[in-house]
Amino acid sequence: MNRINGNVIASYLYLVFFALIILLPLLWVVSTSLRLPVESYSLPPKWLPTDFMWENYWEVLFSYYYERDGTFVGSQASANVPFPHLMLNSFIVCFFVTIGQVFFCSFAGYAFARLAFPGKTALFWFVMATMMIPLQVTIIPIYVLLSKLGLTDSLTGLILPAIPSAFGTFLMRQYYLRIPSALEEAMIMDGASQWQVFWRVFFPLATPGMVVLAILAFNYHWNEFFRPLILISTDTTFTVPLGIVALRDYKMTGSISVVLAGIVISMIPALIIYLFGQKHLVEGILTGSVKG
Amino acid sequence: MANVRLVGLTKKFDGNTVVDNVDVDIEHGEFIVLVGPSGCGKSTTLRMIAGLEDMTEGKIMISDRTVNLIQPKDRDVAMVFQNYALYPHMNVYKNISISLSMRGVDKTEIDKRVKETAAILGLENLLYRLPKQLSGGQRQRVAMGRAIVRQPAVFLFDEPLSNLDAKLRVQMRTEIKKIHQRVSTTIIYVTHDQTEAMTLADRIVVMNEGKIEQIGAPQDIYDHPKTKFVASFIGSPSMNFVGCEVVKKGHSYFIKLDENVMIPLPKQYHAEKDALLDRDLEFGFRPEHVTEPRSSVDRHKFNVTVDVLEPLGNDTMVYFTLAGRSCCARVSPEYAAEAGRGIELDLDFAKVHLLDGVTNRIVPAYNNA
Ligand SMILES: Nc1ncnc2c1ncn2[C@@H]1O[C@H](COP(=O)(O)OP(=O)(O)O)[C@@H](O)[C@H]1O
Ligand SMILES: [Mg+2]
């Protein structure tokens, strides 16, 4: 065996090791979500599924809507939340927050990357500084503001404050900075207005940045717990993470199989968004534009 | 009709003068090449003409109209960028046509002009490709097509060939010249390559450190450089310079390079010969004017030892040391020469220059004296 091969094998072992550390808990989650509740806390932990209790999934999704069949002997911790409805809520929130962030951050990022205006640097660092302030500090003023607007306990109240994003602005600015300024100058020579420079060249060329931002924003808000916890109180307005907690709270009898089934279901949309988005992460969108 | 006048054009970046009081008058249809070493302010000058850079002082006139305060898009100039700057997400057709569509030219007219331009540049079969699907030379053509399609009053080229390999560069050079003959639009062309300047220009503007060193037709600049900078920058390999003094022996005048090498003062300097005595001078001659011995008047033979040989095929470059300076001669390949051996060389008097060592300017010669 030569040295190159040795190195390749070593690096694979290294990667497999860390992949296992990350994937094993997930495997346990999936296996346990399919178990009989009595076996869910077995020691040592069983990594692979033992029973295939698809009823746990049925519990999560439909127990709110259907009376339980008398012959069903599964989980003792049944759910009392309208889980499909919560998924729709989460989807609505994530959809509008993502669209809003991508749209506004594309504009703000461009301004900070490419336009010259008084106070630009100061304003930019001011926007960046907002990333340093924990949500726990701003949640009370936000709550007060939203309640004055009558938007607490509504999806709109969850969406609107999440649209301006300092991180998204930063991310998009970095993408715009990568686009060579010769393209802007070429457009100017070709007779473009400032708006045309942005709309016809910079905006389309920033799509990879938008896809990254969209994936991150969608995932973040899909998993977001704290803001919905504070702002939402009616169970039909819950988002998925609140619903998962509610699954646990109901009857509190020690089985976590149903909760884990809920978690598995909740992971699926985020996974789809990621796989779908990844295809659109076009590396080398600038290829062929400038040389040297 | 578009002439271009630069009057006292000056640009300072944070107090650094990058373009210094540049005056050029460019005729309609002229092919002007700005040439100079990297960093001498060529691009900055071009960008000021385009309107991409503000000027600190001076005036730019295009077609007898002062354009200092006029937007780039209204100056009627088109620019070809060094790095092409193609729009990567648009196909060739769109890249070429976008300037027309943003100006509101109607569709059929756009189509006609894009097709014409594509025909001139041989891009007909590539119109629906993206820039990334093109070779370097093809991208270069698209960049030119984008300028040509507008039929502007003036073309500005900023080192358009410097990203191409040597062979393609020579080929595109010829094509640019053809295009100029065809469209006869005024062209201002920037390059650091003196060969490009010599081959393309109607007139060359040699720049150094932001200042114009000399303006003139290529042959004129080559034959009669005015400064040491121009003499060494134009021509490859560059002109040899050797410290010298002019001495008088009896009634004859000589250029004395060192104790061993004395060359009779060439005729063209006889008019002012007494003024040359006791001056700090340098003796300049081009490699191609030192050859194997040839029989003709006005030549001076001398012996040197060969340091290095560089065969080029058609000629062989001979490097030797003269009065402590390394010099170069161009001899025919048949002329036997070998490193370390002595060789007899022959200098063409009519083509030598004397340089004032204090001002670094060439001492004017009088060929008919
Ligand atoms: N935007 C700028 N800010 C400061 N200095 C600049 C700027 N653009 C060019 N320069 C300087 O001006 C000088 C001339 O640059 P340039 O015109 O690009 O030279 P050239 O095209 O002849 O190589 C260089 O020393 C360069 O560093
Ligand atoms: Mg340059």
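The values are calculated or read from the model by the stated rules, or taken from the named source; none is laboratory data. Keep in mind that this is a model prediction, so the values were computed, not measured. Backbone-built Cβ (ideal geometry, glycine too); neighbour counts: all protein chains shown.
Only a single item in (1) within 15 Å of ligand 2 (Cβ to nearest atom); (2) hydrophobic (A, V, I, L, M, F, W, C); (3) touching a helix residue (DSSP H, G or I) at 6+ places or on another chain (Cβ under 6 Å); (4) free of Cβ contacts under 8 Å to residues at least 60 places away in the same chain is not met by B:VAL80, and it is number (4). Residues in segment B:314-369 that are surrounded by fewer than 16 Cβ atoms within 10 Å (Cβ to Cβ), closer than 22 Å to B:THR227 by Cβ and among the acidic types (Asp, Glu): there are none.
Here segment B:72-96 is the region considered, the condition is being more than 9 Å from every other protein chain (Cβ to nearest Cβ) and β-branched (Val, Ile, Thr), and the residue that is surrounded by the fewest Cβ atoms within 10 Å (Cβ to Cβ) is B:VAL80. Scanning segment A:222-230 for residues that are outside any helix (DSSP H, G or I), away from chain B (no Cβ under 13 Å) and under 26 Å from A:PHE96 (Cα atoms) turns up at least one hit.
Scan segment B:56-75 and give yes if some residue there is within 16 Å of ligand 2 (Cβ to nearest atom) and under 29 Å from the mean Cα position of the chain (by Cα), otherwise no. Within segment B:56-75 (the criterion being within 16 Å of ligand 2 (Cβ to nearest atom) and under 29 Å from the mean Cα position of the chain (by Cα)), the answer is no, since none of the residues qualifies. Scanning segment B:203-226 for residues that are away from ligand 2 (no atom under 16 Å from the Cβ) and not in a strand (DSSP E or B) yields B:ALA217, B:PRO218, B:GLN219, B:ASP220, B:ILE221, B:TYR222, B:ASP223, B:HIS224, B:PRO225, B:LYS226. Answer with yes or no whether B:GLY51 is within 14 Å of chain A (Cβ to nearest Cβ), more than 16 Å from ligand 2 (Cβ to nearest atom) and under 21 Å from B:PRO72 (Cα atoms). The answer is yes for B:GLY51. Of the listed requirements (1) hydrophobic (A, V, I, L, M, F, W, C); (2) over 18 Å from B:LYS177 (Cα atoms); (3) surrounded by fewer than 18 Cβ atoms within 10 Å (Cβ to Cβ), B:ALA119 misses just one: (2).
Of the numbered criteria (1) assigned to a loop (DSSP other than H, G, I, E, B); (2) more than 8 Å from ligand 1 (Cβ to nearest atom); (3) more than 14 Å from every other protein chain (Cβ to nearest Cβ); (4) loosely packed, with under 15 Cβ neighbours inside 10 Å, the one B:ASP25 fails is (1).
There is no residue in segment B:23-31 that is over 18 Å from B:LEU200 (Cβ atoms), within 16 Å of ligand 2 (Cβ to nearest atom) and modelled with pLDDT of 95 or more. The single condition from (1) of a type in the set (D, E, K, R); (2) surrounded by 17 or more Cβ atoms within 10 Å (Cβ to Cβ); (3) modelled with pLDDT under 95 that B:ASP14 fails is (2).
Hey, does segment B:104-123 have a residue that's more than 12 Å from every other protein chain (Cβ to nearest Cβ) and within 16 Å of ligand 1 (Cβ to nearest atom)? No, because not a single residue in segment B:104-123 is more than 12 Å from every other protein chain (Cβ to nearest Cβ) and within 16 Å of ligand 1 (Cβ to nearest atom). In segment A:198-215, which residue that is free of Cβ contacts under 8 Å to residues at least 40 places away in the same chain and more than 7 Å from chain B (Cβ to nearest Cβ) is nearest to B:ALA78 (Cα to Cα)? Only one residue tops the list, namely A:ARG200.
Run down A:SER255, A:SER193 and say which single residue is over 23 Å from the mean Cα position of the chain (by Cα), modelled with pLDDT under 90 and assigned by TED's automatic domain parsing to the domain that holds A:PHE96. Only one candidate passes the filter, namely A:SER255. Do we find a residue being under 18 Å from A:VAL290 (Cα atoms) and away from ligand 2 (no atom under 16 Å from the Cβ) anywhere in segment B:146-154? Yes: one or more hits. From the list B:PHE241, B:PHE229, B:PHE157, the one residue that fits, being within 16 Å of ligand 2 (Cβ to nearest atom) and among the aromatic types (Phe, Trp, Tyr), is B:PHE157.
Of all residues in segment B:330-351, those that are of a type in the set (Val, Ile, Thr) have Cβ atoms under 9 Å from Cβ atoms of residues that are part of a loop (DSSP other than H, G, I, E, B), 6 or more apart or on another chain, in B:VAL331/B:GLU292; B:VAL331/B:ASP315; B:VAL331/B:ALA337; B:ILE343/B:GLU292; B:ILE343/B:TYR335; B:ILE343/B:ALA336; B:ILE343/B:ALA337. Criterion applied to B:ASN125, B:ASN163 was being within 16 Å of ligand 2 (Cβ to nearest atom), surrounded by fewer than 19 Cβ atoms within 10 Å (Cβ to Cβ) and not aromatic (Phe, Trp, Tyr), and the one residue passing it is B:ASN163.
Checked against the criterion of being among the small types (Gly, Ala, Ser) and within 16 Å of ligand 2 (Cβ to nearest atom), segment B:246-262 has no qualifying residue. Counting residues in segment B:40-55 that are more than 24 Å from the chain's Cα centre (by Cα), exposed (fewer than 15 other Cβ atoms within 10 Å of the Cβ), outside any helix (DSSP H, G or I) and within 16 Å of ligand 1 (Cβ to nearest atom) gives one or more. For A:LEU160, are the conditions met, namely being part of a helix (DSSP H, G or I), in contact with a helix residue (DSSP H, G or I) (Cβ under 9 Å, 6 or more places away or on another chain) and more than 14 Å from chain B (Cβ to nearest Cβ)? Against the criterion (part of a helix (DSSP H, G or I), in contact with a helix residue (DSSP H, G or I) (Cβ under 9 Å, 6 or more places away or on another chain) and more than 14 Å from chain B (Cβ to nearest Cβ)), A:LEU160 qualifies.
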